[in-house]
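Contents: one structure, followed by commentary.
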Amino acid sequence: MEIGLSDVREAWRRVRTVVEDSDVVLEVLDARDPLATRNIELERLVASLGKRFIVAINKADLVPLDVGLKWKEWFEAQGLPAVVFSAKMRLGTRKLMAKIKSVAPSVPVRVAVVGYPNVGKSTVINYLKGRHVAPTSPRPGFTRGEQIVRAKTWLIVVDTPGVLTSEEGDDAALAVIRGAVDPARIDDAVPYAIALINRVLSFNPRALEHYGYSGASAEEALEHIGRRYGRLMRGGRVNIEEAARIVLRDWIEGKITYYYLPDSVGTYSAPP
């Protein structure tokens, strides 16, 4: 099932309310693709409200360390405080806490943790609190409402529904990367898997080698993956639909990786 326009509007309304009521906004990005997981609409809102802002580049364990650091430098060169870390692996997380303290206008500080579904918002909150308080799931859009927790005596953290935008367009790969597609509920996973594979291979031609596939064809890759995992139908034909769902799930769970550097992106302009 794809996320509909009404879901987008409702999630956005709730996120806006949380941002308005917070002192600092922590936008969580996926280190594998920081630009695809940025939400310009959200950043414009934060800027218009004059809120303190941190770019939180999560899942740093999925890319080389120097790549994450270059993205941190890229954002900070434009005047945006940034931190690169892995909440799941507890890598660089103390720097996240220090960054929040450094931008807090006063204490106690109320921090809104926002971002697209499955960038790791709930895992970030679990770290900040020090124990599991926010439910985590590999299913897109799992968090259904605002969750407020006093993480420290000086820190109040607010989780939100996954931020979505009406600007997704017809780009199936971005829909997957941004968590707008639930592999378990979508009617036809194949176009999304093909689009994702094409994007992944454009940045990392070896990304599918853990499946035993080293080619460059998305359709051929699905055939290979289906046979490798025994997703066969009568007559030995591959169940391409099931193979596609495997790919989408593996992306969400961090089993498929790629990265790129900010060198060719250009400069960042703060949202007007």
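The values are calculated or read from the model by the stated rules, or taken from the named source; none is laboratory data. Note that the coordinates shown come from a computational prediction; the quantities given were computed from them, not determined experimentally. Methodologically, a virtual Cβ is constructed for each residue, glycine included, from the backbone with ideal geometry; neighbour enumeration extends over all protein chains shown. Note: accessible area is taken over every heavy atom of the protein model, side chains too, but ligands, DNA and RNA are not part of it. Shrake-Rupley method; radii C 1.70, N 1.55, O 1.52, S 1.80 Å.
A few notes on this one:
- Each of 178, 9 has its accessible area taken with a 1.4 Å probe; listed largest first, they run 9, 178.
- Accessible surface for the stretch 1-129, divided over its residues, is 40 Å² per residue with a 1.4 Å probe.
- Evaluated with a Cβ-only charge set (Lys, Arg +1; Asp, Glu -1), the stretch 1-111 carries a dipole of roughly 400 debye about its Cα centre, given to the nearest 20.
- Treating r as the C-beta distance of residue 219 and residue 263 and R0 as 35 Å, the FRET efficiency rounds to 0.65.
- Two-site FRET efficiency, residue 76 against residue 234, from Cβ-Cβ distance with R₀ of 41 Å, rounded to 0.05: 0.10
- For the pair residue 14 and residue 97 in one chain, pulling the backbone fully straight at 0.36 nm per residue adds 27.4 nm over the alpha carbon distance.
- Fraction of accessible area attributable to carbon and sulfur, the stretch 1-93 (%, probe 1.4 Å): 52 percent
- Placing unit charges on the Cβ atoms only, positive for Lys and Arg and negative for Asp and Glu, gives the stretch 183-227 a dipole magnitude near 180 debye about its Cα centre.
- Estimated FRET transfer efficiency (residue 89, residue 210; beta-carbon r; R0 30 Å; 0.05): 0.95
- Surface listing: 76, 241 arranged by accessible area from highest to lowest gives 76, 241, probe 1.4 Å.
- For the peptides 226-234, 148-156, the ranking by packing is 148-156, 226-234, with the highest mean count of neighbouring Cβ atoms within 10 Å listed first.
- Entries in 59/152; 95/152; 72/129; 72/152; 59/88 that, when Cα-Cα distance is taken, lie over 18 Å: 59/152; 72/129; 72/152
- Between residue 65 and residue 41, full extension at 0.36 nm per residue minus the direct alpha carbon distance yields a gain of 5.8 nm.
- Put 12, 251 in order of accessible area, highest first, and with a 1.4 Å probe you get 12, 251.
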